[in-house]
């Protein structure tokens, strides 16, 4: 499959990284784009120090697996910006409420917005991992607009029935749910079972 992953300026950049890792392990073609605000958050959350964070992300997170195709947010002439490129799935993980609003109201200011817009118009899967709390009525209305257009709204709200012992367990639960929604098999978290 051909899949686009956008990382925006909301907290939770590891969600996008983990989604890309899992897809690459499965042999998918993954395009990864980090917004300008996303770069600031990625540096802070993942403890990156170099001026070239892409190389540092590759070394730290994609060293032992295939690498994603990295795109810059201003590359509006790249494949994910066109419906004829036929991407299968678009993930925005994490999805800031600013990005959510741009997607919901069709104002494509960067490649992440445009890839999401293309997914909606082409009736492809668009999964938005919303990372904000509390939510204002403005955010809720934007979620309703995006969902009405065909997006899946997936709040990054991990479950605790899995008895997580580390942050990676919480991340893998959300990433596993996102892959589930996309129809991609995974064993990233323990499924809930009744007695």
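The values are calculated or read from the model by the stated rules, or taken from the named source; none is laboratory data. The structure displayed is predicted, hence computed values, not measured ones. All Cβ positions, glycine included, derive from the backbone under ideal geometry; neighbour counts span all protein chains shown.
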Is it the case that residue 82 is more than 13 Å from residue 10 (Cβ to Cβ), surrounded by fewer than 24 Cβ atoms within 10 Å (Cβ to Cβ) and modelled with pLDDT under 95?
-> no
Select from region 11-31 the residues that are in a helix (DSSP H, G or I) and within 21 Å of residue 156 (Cα to Cα) and list them in ascending order.
-> 13, 14, 15, 16, 17, 18, 19, 20, 21, 22, 23
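Would you confirm, using the coordinates I've provided, whether residue 149 is crowded, with 17+ Cβ neighbours inside 10 Å, modelled with pLDDT of 95 or more and more than 15 Å from the chain's Cα centre (by Cα)?
Working: crowded, with 17+ Cβ neighbours inside 10 Å: yes; modelled with pLDDT of 95 or more: yes; more than 15 Å from the chain's Cα centre (by Cα): yes.
Taking the combined requirement at face value, the residue satisfies it.
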Do you know which residues across region 32-61 are part of a loop (DSSP other than H, G, I, E, B) and either surrounded by 18 or more Cβ atoms within 10 Å (Cβ to Cβ) or in contact with a strand residue (DSSP E or B) (Cβ under 7 Å, 6 or more places away or on another chain) (or both)?
-> 35, 48
From 135, 120, grab the single residue that is without any contact (Cβ under 8 Å) to a residue 40 or more places away in the chain, surrounded by fewer than 24 Cβ atoms within 10 Å (Cβ to Cβ) and in contact with a strand residue (DSSP E or B) (Cβ under 8 Å, 6 or more places away or on another chain).
-> 120
Would you check which residues across region 85-98 are more than 16 Å from residue 29 (Cα to Cα) and out of contact with any strand residue (DSSP E or B) (no Cβ under 6 Å at 6 or more places or on another chain) and list them?
-> 96, 97, 98
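With more than 26 Å from residue 176 (Cβ to Cβ) and in contact (Cβ under 8 Å) with a residue 12 or more places away in the chain as the only criterion, which of 80, 68, 73 stands out? Spell out how you get there, then give the answer.
Numbers: 80 fails: more than 26 Å from residue 176 (Cβ to Cβ); 68 fails: more than 26 Å from residue 176 (Cβ to Cβ).
Answer to the check: 73.
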